[in-house]
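A.B. asks: Have a look at this one before I ask anything.
What follows is calculated from the coordinates using simple rules that are stated; it is not laboratory data. Note that the structure is predicted; figures quoted are calculated from it, not measured.
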Amino acid sequence: MGCRDVHAATVLAFLSGTAALSGLIAAALLPNWRQMRLYTYNKNEKNVTVYTGLWIKCVRFDGSKDCVIYDTEWYTAVDQLDLRILQFTLPISMLTTVLALFLCLIGMCNTAFISSVPNIKQARCLINSSGCHLVAGLFFLLACVICLAPSIWVIFHNQEMNKKYEPVFSFDISVFIAIASAGGLLFTAILLFLWYCACKTLPSPFWQPLYSHAPSVHSYASQPYSARSRHSAIEIDIPVVTHTS
């Protein structure tokens, strides 16, 4: 089958998943999930912006790129529910993505380097490359859901905080990075599903590998019979009775 080869779709899915994982890591580390802007009416002072992340907090004056206060222990004192939930869901999403990438890599390596005819002695150890891609797509989809839902909730929670307190809160770039990474995970999952459906011969067992089974594993070729053996297979001894007068 042509789908035994490593298609550009599987390679693109692996690269897309890697890029999405990089985005999740960047979103988790950057202190740019929420901004709180504090204004002053004193002309001798500058406005202050508090940049809040999942693990650190940074306070800056307007026009300055350096943090006046850099709190590295902010993760122990997070008092905002949406950020606290993201502290758990974002690492889980990253671990799920790593597992999906590992399965995708196993499937590609098995497809690229294994012989088209499997060895009957190693039949129990063969890897179903199409199954690896299929399960990887499910894990990519799961990681997308785990990351996307709390990231979108940050946007609505900002609106609630502005109504409850003062309109000084706004979501920052990390929210967009997380949502874009979730979109990359969804794209990767859909790409793997489409690859599987396009390469799969239907109707066939859902979990069956893409390659055709080798004759040495599931069937045995019949040895040619000689002319004598073919005739002897159908010969029947019939007794003949003769009458003598």
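A.B. asks: In sequence order, what are the phi-derived ³J(HN,Hα) couplings for the range 148-156 according to the Karplus relation 6.51 cos²θ - 1.76 cosθ + 1.60 with θ = phi - 60°, rounded to whole Hz, with x for glycine and proline?
C.D. replies: Here the 3J(HN,Hα) series is 6, 4, x, 5, 5, 5, 4, 5, 6 Hz.
A.B. asks: Continuing with the same structure: Using modelled backbone amide H atoms (1.01 Å from N, in-plane), which distant-in-sequence or interchain residues come within less than 5 Å of R34's amide H?
C.D. replies: T52, D172
A.B. asks: Follow-up question, since we're still on this one. Under the Karplus relation 6.51 cos²θ - 1.76 cosθ + 1.60, θ = phi - 60°, what is the ordered set of whole-Hz ³J(HN,Hα) values for the range 28-44, x standing for Gly and Pro?
C.D. replies: For the range 28-44, the Karplus-derived couplings read 6, 8, 6, x, 9, 8, 8, 10, 10, 9, 10, 9, 10, 9, 7, 5, 8 Hz, x marking Gly and Pro.
A.B. asks: Expressed as a fraction of 2.2 N^0.38 Å, the rule-of-thumb size for a compact globular protein of N residues, what is the C-alpha radius of gyration of the range 1-101?
C.D. replies: Ratio of Rg to 2.2 N^0.38 Å for the range 1-101: 1.56.
A.B. asks: Taking θ = phi - 60°, what integer Hz values does the Karplus form 6.51 cos²θ - 1.76 cosθ + 1.60 yield along the range 177-185, in sequence order, with x for Gly and Pro?
C.D. replies: 5, 5, 5, 5, 5, 4, x, x, 5
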